[in-house]
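Take a look at the structure set out below.
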Amino acid sequence: MPLSSEEKEIILNSIRDIPDFPKPGIIFKDITTLLGNAKAFNTLMDHLTNRYLGYDLDYIAGIDARGFIFGSILADRLGIGFVPVRKQGKLPYTTVSEKYSLEYGFDEVEIHIDAFGETKGAKVLLIDDLIATGGTAKAAANLIDKVGAHCVEACFIMELAFLNGREGFSSEVYSVLQID
């Protein structure tokens, strides 16, 4: 079920714009104000819970670090496991990694090799707060598939649609809010 215009307004109005951060010309979308607004946060989490109840998911995978917040709460609400996708060097066990391009260079994310236990073909929802160019999220989705699970959908609280980050995903992409 899509968000009502009232629910969308509640969530959108709880997100603070920070001009010229982290550099001039950028308008940063600060979700800390969303997290601190109980009504907005519960509206968002209720929406995500209702959306994914019928997906028969096995796990939620959240991208470091804000995806951990939304993903772990959603996993709890759905009664399934949560798996962190972390920046390189942050996980303590054997990992699989995936590099992705940045504006000036590369970065890397990783996941435990046994992140989804013995559930081959586990159905996984990938979640993060924002999709811009999509590099990190596509790398994370590739990792899920690389360790024998299946990324059913990638979910983002906000999408900067003008950057076309959803292009090239092998899974479905859902964004709660689209910023043009």
### Query
Packing-wise, with mean Cβ within 10 Å as the measure, how do 82-90, 164-172, 37-45 rank, highest first?
82-90, 37-45, 164-172
### Query
How large is the dipole of segment 5-179 about the Cα centre if only Lys and Arg carry +1 and Asp and Glu carry -1, each at its Cβ, rounded to the nearest 20 debye?
180
### Per-peptide average of other Cβ atoms within 10 Å, ordering 28-36, 92-100 highest first
28-36, 92-100
### Task
With a ≥ b ≥ c taken as the square roots of the eigenvalues of the C-alpha gyration tensor of the chain, please select rounded if a/c is under 1.5 and otherwise prolate if a/b is larger than b/c or oblate if it is not?
oblate
### Summary
Given Cβ charges of +1 for Lys and Arg and -1 for Asp and Glu, the option among S14, Y174, G81 whose Cα lies farthest towards the positive end of the dipole of the chain is G81
## Note on the structure
Packing-ranked peptide list from 130-143, 52-65, 13-26, 105-118, highest mean Cβ count within 10 angstrom first, is 130-143, 52-65, 105-118, 13-26
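Computed from the coordinates by the stated procedures, all read-outs in this text should not be read as laboratory data. Remember, it's a predicted structure, so these values are computed and weren't measured experimentally. Using ideal geometry, Cβ is built from the backbone for each residue, glycine included, and neighbour counts are taken over all protein chains shown.
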